[in-house]
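One structure below.
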Amino acid sequence: MIDDRNLGSGASSTMTTTSPHDTAADDTPVTRRWSPGGCVWCGSRTDIEIYRDEPRCGECREHENTIDAARRFIGMYGLRPLGGAVTSDDDEELEHRTAARSARAALDRVRLPKRPAAADVRKASARAGASAAVRTTPSRSSSSAPSGAVSTVDVAVLADRVTSLLEQLTAIETGIADAEASSGLPARARLSDLQRQRATVMSTLAALEKARRGSAG
């Protein structure tokens, strides 16, 4: 016969047989650490490039660029600094402030508990550069390699880069045309930013052309 006492005893028995290891593993904290070759901000090893003289991953670079774009926009018109409320009567200013706040929150969430020392980062970068130099040396000095092989690879890489930049330049020119056809503060800000982008692309194209002529010579 099942009565209240039997039910209570059964429940108690069930609770005491539950293994404490069922939940203990889920509560174990994971400490993130930087390792050579990783992003100095979050520790990721994905899409690493040198950004502001230190290795940073693609996601962190994107967040930093979002914040920089907001700062340029605000500085251009002498608006109040970033931080605090994001309210604004201007749609583009509001967009920049909101995006910058989200980017800053994302960076704060992934920040390493302890960032690496600058000296350790420089040493790791120097070792990586030395390893790359050693790997490329045989292909340049080997007598069995066909003449002009290295130059052919370099030219192909340059050509791909030029093609990509020309596509980017076309998109920028289209954006400039649209901005020039518009009016108001947001359009002027966008036009100024696009013009800076165009100048950067043009200077890069000029540098690549110089490099191509040097490799051909």
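When you scan region 169-187, do you find a residue that is polar (S, T, N, Q), farther than 27 Å from ASP90 by Cα and part of a helix (DSSP H, G or I), even just one? Within region 169-187 (the criterion being polar (S, T, N, Q), farther than 27 Å from ASP90 by Cα and part of a helix (DSSP H, G or I)), the answer is yes, since at least one residue qualifies. Checking each residue of region 174-192 against the condition of being more than 24 Å from the chain's Cα centre (by Cα), under 27 Å from ARG212 (Cβ atoms), at pLDDT 50 or above and of a type in the set (Ser, Thr, Tyr) gives at least one match.
Select from region 71-113 the residues that are touching a Lys or Arg at 6+ places or on another chain (Cβ under 8 Å) and either outside any loop (DSSP other than H, G, I, E, B) or at pLDDT 90 or above (or both) and list them in ascending order. Passing the criteria: ILE74, LEU82, GLU92, ALA100, LEU112, PRO113. Per this entry, THR163 is counted among residues that are of a type in the set (S, T, N, Q), at pLDDT 80 or above and either under 30 Å from THR204 (Cβ atoms) or in contact with a strand residue (DSSP E or B) (Cβ under 6 Å, 6 or more places away or on another chain) (or both).
So, in region 188-217, exactly how many residues are closer than 27 Å to GLU95 by Cβ and open to solvent by less than 90 Å² (accessible area, probe 1.4 Å)? Qualifying residue count for the region: 11. The set of residues from region 94-117 being out of contact with any helix residue (DSSP H, G or I) (no Cβ under 7 Å at 6 or more places or on another chain) and free of Cβ contacts under 8 Å to residues at least 60 places away in the same chain comprises LEU94, GLU95, THR98, ARG101, SER102, ALA105, ASP108, ARG109, ALA117. For region 114-141, how many residues are open to solvent by 50 Å² or more (accessible area, probe 1.4 Å), assigned to a helix (DSSP H, G or I) and either at pLDDT 75 or above or among the charged types (D, E, K, R) (or both)? Of the residues in that region, 7 qualify. So which residues in region 40-65 are of a type in the set (S, T, N, Q) and either open to solvent by 70 Å² or more (accessible area, probe 1.4 Å) or modelled with pLDDT of 95 or more (or both)? Passing the criteria: THR46, ASN65.
The values are calculated or read from the model by the stated rules, or taken from the named source; none is laboratory data. Fair warning: this is a prediction, and the values are worked out from it, not measured in the lab. Every residue, glycine as well, gets a Cβ built from its backbone with ideal geometry; the counts of neighbours run over all protein chains shown. What goes into the accessible areas is simple: the full protein's heavy atoms, side chains included, and nothing from ligands, DNA or RNA. Shrake-Rupley method; radii C 1.70, N 1.55, O 1.52, S 1.80 Å.
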